[in-house]
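What follows is a single structure, written as structure tokens, with notes after it.
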């Protein structure tokens with residue numbers, strides 16, 4: 001879906017900056033922070049911010065001698081744009097999400113929260129990985145957050161911890177599994193049957 005927006009709006013940098021402000025409407029950011037969070041160059045961010053300021057979508061103010069920027073929520077089309085960008089977060093077919101399969105011996109990867117527009121979920125992602133490569137995982141998460149425009153919350157555990165928490169009927173896991181979610185990887189024997197049992201109650 002992000003590729004569609006890039007064609008519609010003209011560039012990856014414009015889409016990332018727009019999404020970032022629309023999905024973090026209450027916050028103020030300096031240019032260097034925007035560039036870092038969205039994996040863009042300062043020059044690209046500056047160009048997009050200048051254009052968005054001209055049409056009144058973004059406001060500039062001085063804070064402690066530094067320029068910061070915030071979404072103008074009074075902008076005429078802000079709610080329509082927010083709805084469009086909210087619906088365009090990474091899909092289960094996203095190449096970046098699929099890269100999660102490379103971060104170790106992945107036994108389970110389930111998405112919810114921001115990926116499925118389910119704000120009640122306590123996390124966006126549950127990962128069960130043995131021998132996790134933390135630098136690879138960090139890289140994938142940074143790229144995901146740049147694409148989505150928001151921080152991705154996730155729970156990471158190994159197979160033994162997952163089994164222990166499931167056996168103990170851990171409330172966090174039960175709530176997640178009973179709620180809306182999509183599987184990217186499921187190599188846990190009997191989990192689908194367990195989830196079906198949860199959804200009956």
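Contact order normalised by length for segment 76-188, with contacts defined as Cα pairs under 8 Å and 6 or more residues apart; what percent is it?
Details: 153 pairs, mean separation 37.0, N = 113.
Once normalised by length, the contact order is 33 percent.
If I stretch the segment between residue 28 and residue 168 completely, what's the gain in nm (0.36 nm per residue apart, minus their alpha carbon distance), one decimal?
On the way: separation 140, 0.36 × 140 = 50.40 nm, distance 4.22 nm.
Additional length available on full extension: 46.2 nm.
Can you give the percent of C-alpha pairs in segment 2-86 whose distance is more than 21 Å?
21 percent
Can you classify segment 95-199 as rounded, prolate or oblate using the Cα gyration tensor, where a ≥ b ≥ c are the square roots of its eigenvalues, rounded means a/c under 1.5, and otherwise it's prolate if a/b beats b/c and oblate if not?
Oblate shape, in that a/c is at least 1.5 and b/c is the bigger or equal ratio.
Relative to the first principal axis of the alpha-carbon coordinates of the chain, what is the inclination of helix 134-148, with its axis defined by its Cα atoms, in degrees from 0 to 90 and to the nearest 10?
Compared with the principal axis, the helix lies near 50 degrees.
Given contacts defined as C-alpha pairs under 8 Å and at least six residues apart, what's the relative contact order of the chain, whole-number percent?
Relative contact order of the chain: 21 percent.
How far is the Cα center of segment 141-182 from the Cα center of segment 22-77, in Å?
Comparing the Cα centres of segment 141-182 and segment 22-77, I get a distance of 31 Å.
Cα extents of the chain along the three principal axes, largest first, in whole Å?
Cα extents, longest axis first: 56, 36, 35 Å.
Expressed in nm², what is the orientationally averaged projection area of the convex hull enclosing the Cα positions of segment 117-172? Before the final figure, lay out the partial values.
Numbers: hull surface 17.8 nm².
Averaged projected hull area, Cα only: 4.5 nm².
Rounded to the nearest 0.05, what FRET efficiency do residue 102 and residue 159 give with R0 = 22 Å and r taken as the Cβ-Cβ distance? Could you check?
With a Förster radius of 22 Å, E is 0.80.
Given only helices, namely DSSP H runs of n ≥ 4 each adding -39500 (n - 2.57), what is the per-residue ellipticity at 222 nm of the chain, to the nearest 500 deg cm²/dmol?
Here the helix-only value at 222 nm equals -13500 deg cm²/dmol.
Counting only C-alpha contacts under 8 Å and six or more residues apart, can you give the relative contact order of segment 2-86 as a whole percent?
Relative contact order of segment 2-86: 31 percent.
By DSSP, what percent of the beta bridges with both residues in the chain are antiparallel, rounded to the nearest 5?
Numbers: 17 of 21 bridges.
Close to 80 percent.
Just so you know, all these numbers are worked out from the coordinates, no wet-lab data involved. Bear in mind that the values here come from a model prediction, so they are computed numbers and not experimental data. All Cβ positions, even for glycine, are placed from backbone atoms using ideal geometry, and neighbour counts span all protein chains on display.
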